[in-house]
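The values are calculated or read from the model by the stated rules, or taken from the named source; none is laboratory data. Since we're looking at a predicted model, the values are computed, not measured. As a convention, Cβ positions derive from the backbone with ideal geometry for all residues, glycine included, and neighbour counts pool all protein chains shown. The protein model used for the area step is the full one, side chains on, heavy atoms only, and it has no ligands, DNA or RNA in it. Shrake-Rupley method; radii C 1.70, N 1.55, O 1.52, S 1.80 Å.
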Protein chains: 2
Amino acid sequence: MTSPRTLEHPETGELNLDAVLAALADPIRRRIVVQLAHGHQDQACIGFNLPVSRSTSTHHFRVLRQAGVIEQRYRGTAILNSLRTACLDERFPGLLSAIVAAEPPVDGALPHPV
Amino acid sequence: MTSPRTLEHPETGELNLDAVLAALADPIRRRIVVQLAHGHQDQACIGFNLPVSRSTSTHHFRVLRQAGVIEQRYRGTAILNSLRTACLDERFPGLLSAIVAAEPPVDGALPHPV
DNA sequence: AGCGTAGTACGATGGTTCTCGTATTAGCTA
DNA sequence: TAGCTAATACGAGAACCATCGTACTACGCT
């Protein structure tokens, strides 16, 4: 039996405003965040229907995770993504909600409604 | 008499979250914004005591202006900078204050106190 | 074992950004 | 006019970033 795969996440106290803002400055990454904020917690990467290739998608999810914006955990072959709302709000109160509120909900994100 | 120099600013309705977040993702630019927010409105570029060369400083102020974060207007040979607080709050409510609040006040920014 | 699915690793490419130094412009003042 | 100050223009270098395709790993299912 091999050890289970793990993913590195910064702790709440390590969250860095530079990294968080840089992560959220990209429209594709903001789209991911908005979808997570609008009730699509624990969705696999592939469910976000992003307009980029799989490898680029991996890249964007990794940037969000390393900045501490999302949490990713394995589940079978997939990865479940969730927003680190509480951590972000502790370190940078109001930031996430301001950005999510400024962004319109994503259209056509889910081809087959859940 | 030559026509007075002018500087291009985006209108409130043209403010774009991509550009604003990218502008605020840089620590030097955020330092400028924090100083402006903490009561140093209408300060000339040179008064910010930034740890970069003059040309780099010009670059950062231009990025902030073109993103619509600051307003710049000529006054003699200098440029007076001010935060576009109202515009930003209209388009992206709570964003600016969340970022300013997340950033500690700048130490040693003003070598000779005003 | 074999196959399919979800995601990663790697290398490459093209574009953007941060940084600088030097030369220059605009306005003020002596 | 000459000199000073504040800022810009321009060109260059280095670093970074988004994107892709291909090859690969890990897991679940049949």
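Just checking, does segment B:45-62 include any residue being modelled with pLDDT under 95, open to solvent by 80 Å² or more (accessible area, probe 1.4 Å), under 14 Å from the mean Cα position of the chain (by Cα) and not β-branched (V, I, T)?
no
Tally up the residues in segment B:1-15 that are farther than 14 Å from B:N81 by Cα and modelled with pLDDT of 90 or more, please. Lay out the reasoning, then the answer.
Going residue by residue through segment B:1-15, those that are farther than 14 Å from B:N81 by Cα are B:1-5, B:10-15.
Within this subset, residues satisfying the condition of being modelled with pLDDT of 90 or more are B:10-15.
The total comes to 6.
For (1) more than 14 Å from chain B (Cβ to nearest Cβ); (2) near DNA strand D (Cβ under 8 Å from one of its atoms), each residue gets a yes or a no:
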{"site": "A:R31", "(1), (2)": "no, no"}
{"site": "A:H38", "(1), (2)": "yes, no"}
{"site": "A:A44", "(1), (2)": "yes, no"}
{"site": "A:S55", "(1), (2)": "yes, yes"}
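Could you please find all residues in segment A:1-28 being within 11 Å of chain B (Cβ to nearest Cβ) and in contact (Cβ under 8 Å) with a residue 40 or more places away in the chain?
Narrowing segment A:1-28 to residues within 11 Å of chain B (Cβ to nearest Cβ): A:15-28.
Residues satisfying the conditions are A:L15, A:N16, A:L17, A:A19, A:V20, A:A22, A:A23, A:L24.
Using beta carbons and a limit of 8 Å, which pairs, at least six apart or on different chains, have the first residue in segment A:72-93 and touching a residue at least 40 places away in the same chain (Cβ under 8 Å) and the second one part of a helix (DSSP H, G or I) and among the basic types (K, R)?
A:Q72/A:R65
If you scan segment A:63-83, which residues turn out to be more than 17 Å from A:Q35 (Cβ to Cβ) and open to solvent by 30 Å² or more (accessible area, probe 1.4 Å)?
A:Q66, A:R73, A:Y74, A:R75, A:G76, A:T77
Residues that are farther than 30 Å from B:D89 by Cβ and within 10 Å of the chain's Cα centre (by Cα): does segment A:81-93 have at least one? I'd like the intermediate steps shown before the answer.
To start, the set of residues in segment A:81-93 that are farther than 30 Å from B:D89 by Cβ comprises A:81.
Narrowing the set further to residues that are within 10 Å of the chain's Cα centre (by Cα) leaves A:81.
Yes, segment A:81-93 contains a residue that is farther than 30 Å from B:D89 by Cβ and within 10 Å of the chain's Cα centre (by Cα).
Across segment A:16-43, which residue is surrounded by the most Cβ atoms within 10 Å (Cβ to Cβ) among those that are within 12 Å of DNA strand C (Cβ to nearest atom) and at pLDDT below 95?
Ranking the candidates gives A:Q43 first.
Across segment A:58-73, what is the total count of residues that are farther than 15 Å from A:I46 by Cα and outside any strand (DSSP E or B)? Step through it out loud before you land on a result.
First, pick out the residues of segment A:58-73 that are farther than 15 Å from A:I46 by Cα: A:63-71.
Pick out the ones that are also outside any strand (DSSP E or B) and you get A:63-69.
Selection size over segment A:58-73: 7.
Looking at (1) within 16 Å of DNA strand C (Cβ to nearest atom); (2) within 14 Å of chain B (Cβ to nearest Cβ), can you tell me which one A:P104 breaks?
Evaluating A:P104 over (1) within 16 Å of DNA strand C (Cβ to nearest atom); (2) within 14 Å of chain B (Cβ to nearest Cβ) leaves (1) as the failure.
Return yes when A:A86 is within 14 Å of chain B (Cβ to nearest Cβ) and either open to solvent by 50 Å² or more (accessible area, probe 1.4 Å) or within 15 Å of DNA strand C (Cβ to nearest atom) (or both) and no when it is not.
Numbers: within 14 Å of chain B (Cβ to nearest Cβ): no; either open to solvent by 50 Å² or more (accessible area, probe 1.4 Å) or within 15 Å of DNA strand C (Cβ to nearest atom) (or both): yes.
For A:A86, the condition - within 14 Å of chain B (Cβ to nearest Cβ) and either open to solvent by 50 Å² or more (accessible area, probe 1.4 Å) or within 15 Å of DNA strand C (Cβ to nearest atom) (or both) - is not met.
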